[in-house]
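A.B. asks: Here's a structure for you.
The values are calculated or read from the model by the stated rules, or taken from the named source; none is laboratory data. What you see is a predicted model, and the numbers here were worked out from it, not measured in a lab. FYI the Cβ positions are ideal-geometry reconstructions off the backbone, even for glycines, and counts take in every protein chain you see.
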Amino acid sequence: MHFPRVSIGHWPPMFYVVQAGIMGLFGRSGAVAIASEAAIAALALGWVASFVRRRVGWLAGLAAGAAALASPELMAQLNQVLIDIFLALWLLGAALSWAAFAARPGAGRAAVFTVCAIGAIMTKGSGLALALLPLLHAVLVRDARALLDRRAWLAAAVIGATTLPWYLLTYRMAATGFNYAWGWRYTVEALRAYVKFFVAAVGVIGAIGCAAGAIGAVRPRGGAADHPLAALVALVAVVMLFYAVVPADITSRYVVCVVPAAMVVAAVGVARLLRPLAGRLRGLSGVVVAALLLFNAATLMRVPHVTPFGADMVTGLVLHAENSNPLVLVAGSSATEGALIAAFAEADRDRRHYVIRATKVLSSSTFLGTQYALRFADTPDVERWLADAGIGWVVVDDSPDGALLEHDRQVLAIAASRPAGWDLVGSHRTAEGEIRLYRLAGATPSAAQISDALQRERPAMAGETPLSTR
């Protein structure tokens, strides 16, 4: 209620549940949240290194883990709290546990696959791609016996009963976040884009290795099946196909969840390409694979750009002010809003303040910002509402992103005119502009004013009358 920013329901609850457990154990802080991302990535990349070590050698295993870590989108996510690396961990578990079950069916292996599949699906909708993984795996290994096993059908029934009700209940909410419409036109555009995203994520050597690994995953006639490799190839293929069909968005971030699996396939594939030279290399093939993967990592790695938003400055001034007004309005980009809300959630342990987004109280729009409409026609109306609502603090962001929308420009115009009662108490330079904190003169808001501000801040649900017309 104090800092409304998350979108539970738009995404499934698994990541939120795990985050809550971690913060319950180690405390609610940005440091804990970022450390949890690092720990999740360490598990996923450690799995990559371990798998490749058993196949190609320990040097190649370390290099494969490093190459996955160097993937630009994955490295960028280590500076954020996002779902994709967590999803990658569940997907790896699901693929390899299915491979173990297909190689030697058993109730325990089926149970592990069930848990991992539920974890992936209840983390993000793209986990639903796992429904196709057993089918493609059976094609690659030329063996469908695992599909006919009653334990596989029981696993499918448990997975469906556990996850499908959530998606049936929340589909309309999630679909409001789709950036595209269903159809062949989207699929063609998405396929082209995701091929480029994939190559950019794994590198040229990684992409060549993946192709060779995929060929090697096909069971030769009369030969033995490589179940784990086939399962990882199938995983990458079905997830990429899912993104090309479901019109949620076309964005490079989505490929992060297949990077660990793809790097395993790439390492095995590169080793396969070097096999004809094994005699000449005289046992050095693992070293050569490691060198190629490390070179690939060097070509991939980009140091992520981290933007400071002046959150410490704002929260410090507000929380240590005498008789601090509890209502803080944030006008700026979505990133600025999120950074300030997260900072208050961490610093304001007594929950004395409420962070209000100008996006919601000075305008109305859908989840993705479409159907945008101003709430107030001009700046005097905005200024009067701020006074009537009892807003005590205003944070403005004059960067290009922070001034994209008309309501933000309204607040910036008021701040620039320096009206009576607006006291500039702090500022912080960013790479793109400046974050400024104003303290507004006025009485402490009543409980009714706080309640009204929170009600206006709450996003309208599907079927409700937009705030701008209430």
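A.B. asks: Name, by its number, the condition in (1) within 21 Å of LEU235 (Cα to Cα); (2) part of a helix (DSSP H, G or I); (3) within 20 Å of the chain's Cα centre (by Cα) that does not hold for ALA39.
C.D. replies: (1)
A.B. asks: Can GLU346 be described as closer than 20 Å to ARG456 by Cα, acidic (Asp, Glu) and under 23 Å from the mean Cα position of the chain (by Cα)? Spell out how you get there, then give the answer.
C.D. replies: Working: closer than 20 Å to ARG456 by Cα: no; acidic (Asp, Glu): yes; under 23 Å from the mean Cα position of the chain (by Cα): yes.
So GLU346 does not fit the description; no.
A.B. asks: Something else now. Kindly list, by first and then second residue, each pair from a residue in the range 147-164 that is without any contact (Cβ under 8 Å) to a residue 60 or more places away in the chain to a residue that is surrounded by fewer than 18 Cβ atoms within 10 Å (Cβ to Cβ), limited to pairs with Cβ atoms under 6 Å and residues at least 6 apart or on different chains.
C.D. replies: Partner pairs satisfying both residue conditions: ASP149/PRO105; ARG151/ALA107.
A.B. asks: So which residues in the range 294-329 are surrounded by 14 or more Cβ atoms within 10 Å (Cβ to Cβ) and within 17 Å of PRO445 (Cα to Cα)?
C.D. replies: Within the range 294-329, VAL318, LEU319, SER324, ASN325, PRO326, LEU327, VAL328, LEU329 qualify.
A.B. asks: Turning to a different aspect of this structure: Under 6 Å between Cβ atoms, which residue pairs at least 6 apart in sequence (or on different chains) link something in the range 240-255 that is farther than 17 Å from CYS210 by Cβ with a partner that is part of a loop (DSSP other than H, G, I, E, B) and not aromatic (Phe, Trp, Tyr)?
C.D. replies: Correct list of pairs: PRO247/ALA181; ASP249/ASN179.
A.B. asks: Next up: For the range 17-32, which positions are modelled with pLDDT under 90, surrounded by 13 or more Cβ atoms within 10 Å (Cβ to Cβ) and within 18 Å of the chain's Cα centre (by Cα)?
C.D. replies: If the condition is that a residue be modelled with pLDDT under 90, surrounded by 13 or more Cβ atoms within 10 Å (Cβ to Cβ) and within 18 Å of the chain's Cα centre (by Cα), then GLY30 is the only one that fits.
A.B. asks: Out of all the residues in the range 349-356, is one or more in the same structural domain as VAL233 (by TED's automatic domain parsing), outside any loop (DSSP other than H, G, I, E, B) and of a type in the set (Phe, Trp, Tyr)?
C.D. replies: Step one: list which residues in the range 349-356 are in the same structural domain as VAL233 (by TED's automatic domain parsing), which gives none.
The answer is no; no qualifying residue exists.
A.B. asks: Return the only residue of THR430, THR444 being hydroxyl-bearing (Ser, Thr, Tyr), loosely packed, with under 14 Cβ neighbours inside 10 Å and in the same structural domain as PHE376 (by TED's automatic domain parsing).
C.D. replies: Checking each option against the conditions leaves just THR444.
A.B. asks: So which residues in the range 376-434 are outside any helix (DSSP H, G or I), under 32 Å from the mean Cα position of the chain (by Cα) and of a type in the set (Val, Ile, Thr)? Full working, then the answer.
C.D. replies: Step one: list which residues in the range 376-434 are outside any helix (DSSP H, G or I), which gives 376-378, 390-400, 404-405, 418-434.
Within this subset, residues satisfying the condition of being under 32 Å from the mean Cα position of the chain (by Cα) are 393-400, 404-405, 427-434.
VAL394, VAL395, VAL396, THR430 - these are the residues of the range 376-434 that are outside any helix (DSSP H, G or I), under 32 Å from the mean Cα position of the chain (by Cα) and of a type in the set (Val, Ile, Thr).
A.B. asks: Looking only at the range 392-426, how many residues end up being buried (at least 21 other Cβ atoms within 10 Å of the Cβ) and either touching a Pro at 6+ places or on another chain (Cβ under 8 Å) or basic (Lys, Arg) (or both)?
C.D. replies: Summing the residues that are buried (at least 21 other Cβ atoms within 10 Å of the Cβ) and either touching a Pro at 6+ places or on another chain (Cβ under 8 Å) or basic (Lys, Arg) (or both) in the range 392-426 gives 1.
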